[in-house]
Amino acid sequence: QVKVVESGGGLVQAGESLTLSCAASEIGSQVFPMGWYRQRPGREREKVALITSVGTPDYGSGAEGRFTISRDSAKNICYLQIHKVKIEDTAVFYCLGISGLREVWGQGTLVNVSS
């Protein structure tokens, strides 16, 4: 069964940069679209960025500029770089893998930004 697992969250100071990783497993030879969503306190889950199987990024509204999505398809890993984090970036970040018609979600990784 396809799984995705996030890592790289934690406590970070405003202004620093952070890279989140999402590793997909049990995918065989598949290379499928992956992406990141976030859920900030008191808000709905929202799209940060998606990346196609060939590496084309698609950013959510307001996410361009400080967020960079990339992937290493050989290692089945998707990355999300957050540049100069802000207090309002505090959120649980979820990885998404799209395997055929099936969405596979990770458990989430908390990014907590302090001033």
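The values are calculated or read from the model by the stated rules, or taken from the named source; none is laboratory data. Values in this document were obtained by computation on a predicted structure and should not be read as measured data. A quick note on method: Cβ atoms are made from the backbone with ideal geometry, for glycine too, and the neighbour counts reach across all protein chains shown. What goes into the accessible areas is simple: the full protein's heavy atoms, side chains included, and nothing from ligands, DNA or RNA. Shrake-Rupley method; radii C 1.70, N 1.55, O 1.52, S 1.80 Å.
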*Kindly report, to the nearest 10 Å², the accessible surface of K86 as traced by a 1.4 Å probe over protein heavy atoms only.*
90
*What is the Å³ per residue value for the convex hull set by the Cα atoms of the chain?*
94
*Simple spin-label estimate for A74 and V5 in nanometres, 7 Å along Cα-Cβ*: 2.2
*asked:* Test of understanding: what is the full-extension gain from N112 to I27, defined as 0.36 nm times their sequence separation minus their Cα-Cα distance?
replied: 27.5 nm
_Please compute the contact order of the chain in relative form: average sequence separation of alpha-carbon pairs under 8 Å and at least six residues apart, divided by the residue count, as a percent._
36
*Environment charge at E88 (Cβ cut-off 14 Å; Lys +1, Arg +1, Asp -1, Glu -1)*: +4
_Principal axis box of the stretch 8-56, alpha-carbon based, largest edge first, Å_ = 38, 23, 22
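About the Cα centre, and with charges only on the beta carbon of Lys, Arg (+1) and Asp, Glu (-1), how big is the dipole of the stretch 1-91? Nearest 20 debye, please.
Dipole of the stretch 1-91, to the nearest 20 debye: 80 debye.
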